[in-house]
Ligand code: HEM
């Protein structure tokens, strides 16, 4: 039995739960809005729009909490990237996910007190939380208040660019979610990391 380490503070667990539920709601309603022909959408168009708007507003609030939480608590240190040697570390972790894990090899960057993310998690969580979620939120607000969007720039329609950025980053977040759910099963048992996200604790392996 290894040592029990507390890795997921209460606020990050609460934020993550709310963020996950809102993202699922936004993806479902977003897809409904995108593919809706009258009567054929998964959720009725006007209802989907209302839920999407409310969930988007709540997601913006929860994002501010995530951002400030990581700025002012020690959780933020897990997102800091050390560029020197990053490619080698990413390669090692990628090789483990693609090969080593099936050969029962030990993870090259085991979860512990000082590092809860492996290099690939660090980069993907960083990109999702500090690039794509902010883009989806800002462009969402842009379409909520279209008067703040630049009408046209060098012949290109500002609303269209905002919309394309919104759906592209929404799509990237949806793909991330699928990969995230799968990779989160790669603990000692498939449920280990899910349990940690509920209790806050991770058991260190030897
Ligand atoms: C049903 C939905 C989801 C489930 C079941 C889930 C599950 C998990 C689990 C088990 C962990 C801890 C282990 C690990 O780091 O891999 C985790 C961490 C994390 N997840 Fe998710 N996730 C979901 C949705 C999302 C979404 C939609 C996002 C972002 C848009 C997200 C972002 C994160 C981040 C940033 C962490 C690390 C948090 C920290 O410790 O600072 N997750 N998730």
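Of 135, 173, 148, which has the largest mean-square fluctuation in a 10 Å C-alpha GNM of the chain? Looking only at 135, 173, 148, the largest GNM fluctuation is found for 148.
If I histogram all Cα-Cα distances within segment 130-206 using bins 5 Å wide from 0, what percent of pairs lands in each bin? Distribution as computed: 3, 14, 17, 14, 11, 10, 9, 7, 7, 5, 3, 1, 0 percent. Packing order of peptides 12-22, 116-126, 71-81, highest average first: 116-126, 12-22, 71-81 (average count of other Cβ atoms within 10 Å over each peptide's residues).
Taking label positions 7 Å along the Cα-Cβ direction at both residue 65 and residue 102, the computed distance is 4.1 nm, reported to one decimal.
Counting pairs of alpha carbon atoms under 8 Å apart in space and at least six apart in sequence, what relative contact order in percent does the chain give?
The value is 30 percent.
Compared with the dominant Cα axis of the chain, that is its longest principal axis, helix 158-183 is turned about 30°.
Of all the options 183, 145, 96, the one that moves most in a Gaussian network model of the chain with Cα springs shorter than 10 angstrom is 145. Ranked by the mean number of other Cβ atoms within 10 Å of their residues, highest first, the peptides 86-94, 25-33 fall in the order 25-33, 86-94. Seen from every direction in turn and averaged, the convex hull around the alpha carbons of the chain projects onto 14.5 nm².
Using alpha carbons only, how many degrees (0 to 90, rounded to 10) separate the axis of helix 10-34 from the longest principal axis of the chain? With rounding to tens, the tilt is 40 degrees.
For the chain, the longest principal axis of the Cα atoms and the long axis of helix 133-144 meet at an angle of about 10 degrees. Among 182, 97, 153, the largest mean-square fluctuation in a Gaussian network model of the chain (Cα springs under 10 Å) belongs to 153.
No lab work stands behind these numbers, since they all come straight from the coordinates. Because the structure is predicted, anything quoted here is derived from the model rather than measured. Positions of Cβ are generated from backbone atoms using ideal geometry, with glycine treated the same way; all protein chains shown enter the neighbour counts.
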